[in-house]
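Data first, discussion second: the structure below is written as structure tokens.
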Amino acid sequence: MTRLLDSFEIGGLTLRNRIVMPPMHTGRATIEGAITDDLINHYVLRSKALGLLIIEHSYVAVEGKLSEKQVGIYDKHLIPSLLKLSSGVQATGTPVVLQINHAGSKANRDITGIKPISSSPTEDARELRVDEISALSETFAQAAEWGIKAGFNGIEVHGAHGFLLNQFSSPLTNQRCDEYGGSLENRLRFPLEVVRKVKKKVGDKLLLYRLGSDDLDPSGTQIWESQKFAVKLEEAGVDIIDVSGGICGSSPEKLQGIQGYFIPQARQIRKVINIPVIGVGGIREPQFADKLIQEGNVDFIAVGRKLLEDPDWAIKAIELLRKD
Ligand SMILES: Cc1cc2nc3c(=O)[nH]c(=O)nc-3n(C[C@H](O)[C@H](O)[C@H](O)COP(=O)(O)O)c2cc1C
């Protein structure tokens, strides 16, 4: 029986256990998106006993920036400071992946000075032209290449929480009538183009996709659609699917208090693919996390807010489970 503390071999790496720190924005970068010592300390403090750490969403283009002190990966001058972060975390024995993102219509115009873009027009955003969509997938690929040059063990493409790629995949935000909208196949076209181009740059390093698996809305993305998407992500070379919610966000109010609230979706995704799956959502107790792994629901457990609250959560979990 597999346990939370069992190691996992993937892409030439040994992840020492199944505990993952999911990407969580800190607002600790510089205004230009460069890494600070404060940000490195934040991650090094939490990384010591993890299996894998995923760094918060970094913006691939200035027009896709969400918040003032967000980490950036939009220019190669950022590589040296990112290298300090990746090597700092790796020195603790934990592989580290960088999440890349474009906020789409959620980008902050006050910060970027540019009218936001999206799959379809909104009150604040304009619709992307087809030639711009193609250029944007190159932008993601370029960011991934810089991320790998900055020493990360892999890249996670952010496809959840209502940001640009999710604005294409969800029927709630995509009203296009061309080849990028309408049918499921069309809505997935842009996210899959991004993944294929990113894969070429990532090479033999890890490629993760954060999947907005469920919009929790009868008119939104349904789990059967996400299962089809997951199969395509596997075919496109994704190594791990990190299952979260979609347009509903990462911590929907109505699910708070439920431990493991996105695990049912992750379990459904895992059933149809052969690559590992990360499950997340309100996980607090090591024994609960261990049980989820033992029962074969998911391959990895992401613990977010608990690790923010207690940097030693993983160390304490290991001590506790070793006593069992
Ligand atoms: C402060 C904060 C920042 C977050 N930033 C990101 C992010 O940058 N990228 C992302 O995919 N999810 C982000 N999330 C969502 C978390 O990765 C995670 O999915 C969510 O918090 C649920 O897990 P938890 O209940 O263990 O905290 C963030 C969550 C929090 C609380």
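With a threshold of 19 Å on the Cα-Cα distance, the over-threshold entries among Lys149/Lys197; Lys106/Lys254; Lys48/Lys306 are Lys106/Lys254. Each 20 Å bin, from zero up to the one with the longest distance, holds this percent of the alpha carbon pairs of the chain: 35, 60, 5. Highest GNM mean-square fluctuation among Gly64, Gly257, Gly237, for the chain modelled with Cα contacts below 10 Å: Gly257. Normalised by the number of residues in the chain, the average gap of Cα pairs under 8 Å and 6 or more apart makes the relative contact order 16 percent. Restricting the GluC sites (Glu not before Pro) of segment 173-281 to loop positions (DSSP other than H, G, I, E, B) with no more than 15 neighbouring Cβ atoms within 10 Å leaves Glu179.
With the charge dipole of the chain set up from +1 on Lys and Arg Cβ and -1 on Asp and Glu Cβ about the Cα centre, the Cα lying farthest toward the positive end among the listed residues Asn166, Asn186, Gly51 is that of Gly51. For the chain, the Cβ-based charge dipole about the Cα centre amounts to some 500 debye (Lys, Arg positive; Asp, Glu negative; other atoms uncharged).
If I take R0 = 41 Å and measure r between the Cβ atoms of Lys200 and Phe288 in this structure, what FRET efficiency does the formula 1/(1 + (r/R0)^6) give, to the nearest 0.05? It comes out at approximately 0.60. Taking a point 7 Å out from the Cα of Cys177 in the direction of its Cβ, the residues of segment 116-134 whose backbone N falls within less than 15 Å of it are 120-121.
Taking all protein chains as they are arranged and a probe of 1.4 Å, the heavy atoms of Val194 leave approximately 0 Å² accessible to solvent. Of all DSSP bridge pairs formed entirely within the chain, close to 10 percent run antiparallel. Using heavy atoms of the protein chains and a probe of 1.4 Å, the accessible area assigned to Phe229 is about 10 Å². Take the cross-link list Lys65/Lys291; Lys65/Lys228; Lys84/Lys291; Lys84/Lys271; Lys69/Lys271; Lys65/Lys205 and give me the ones stretching past 32 Å between alpha-carbons. The answer is Lys65/Lys291; Lys84/Lys291; Lys84/Lys271; Lys69/Lys271. Per residue, the solvent-accessible area of segment 141-267 (1.4 Å probe, heavy atoms of protein chains only, all protein chains present) comes to 35 Å².
The alpha-carbon of Lys115 sits under 20 angstrom from the alpha-carbons of these aspartates and glutamates, leaving out residues fewer than 8 places away in its chain: Glu32, Glu63, Glu68, Glu123, Asp124, Glu127, Asp131, Glu132. Put a dot 7 Å past the Cα of Glu185, heading toward its Cβ, do the same for Gln259, and the two dots end up 4.5 nm apart. In the assembled protein chains, Arg189 presents an accessible area of approximately 70 Å² (probe radius 1.4 Å).
Residues of segment 267-282 with an amide N closer than 20 Å to a point placed 7 Å from the Cα of Asp6 along the Cα-to-Cβ direction: 267-280.
Take the solvent-accessible surface of the protein heavy atoms, probe 1.4 Å, and return the percent of it on segment 11-58 that carbon and sulfur atoms account for.
Taking all protein chains in place, segment 11-58 shows 53 percent carbon and sulfur surface.
The values are calculated or read from the model by the stated rules, or taken from the named source; none is laboratory data. Nothing here was measured: the structure is a model prediction, and the numbers come from that model. All Cβ positions, glycine included, derive from the backbone under ideal geometry; neighbour counts span all protein chains shown. Ligands, DNA and RNA are stripped out before the accessible areas are found, and what is left, the full protein with its side chains, is counted by its heavy atoms. Shrake-Rupley method; radii C 1.70, N 1.55, O 1.52, S 1.80 Å.
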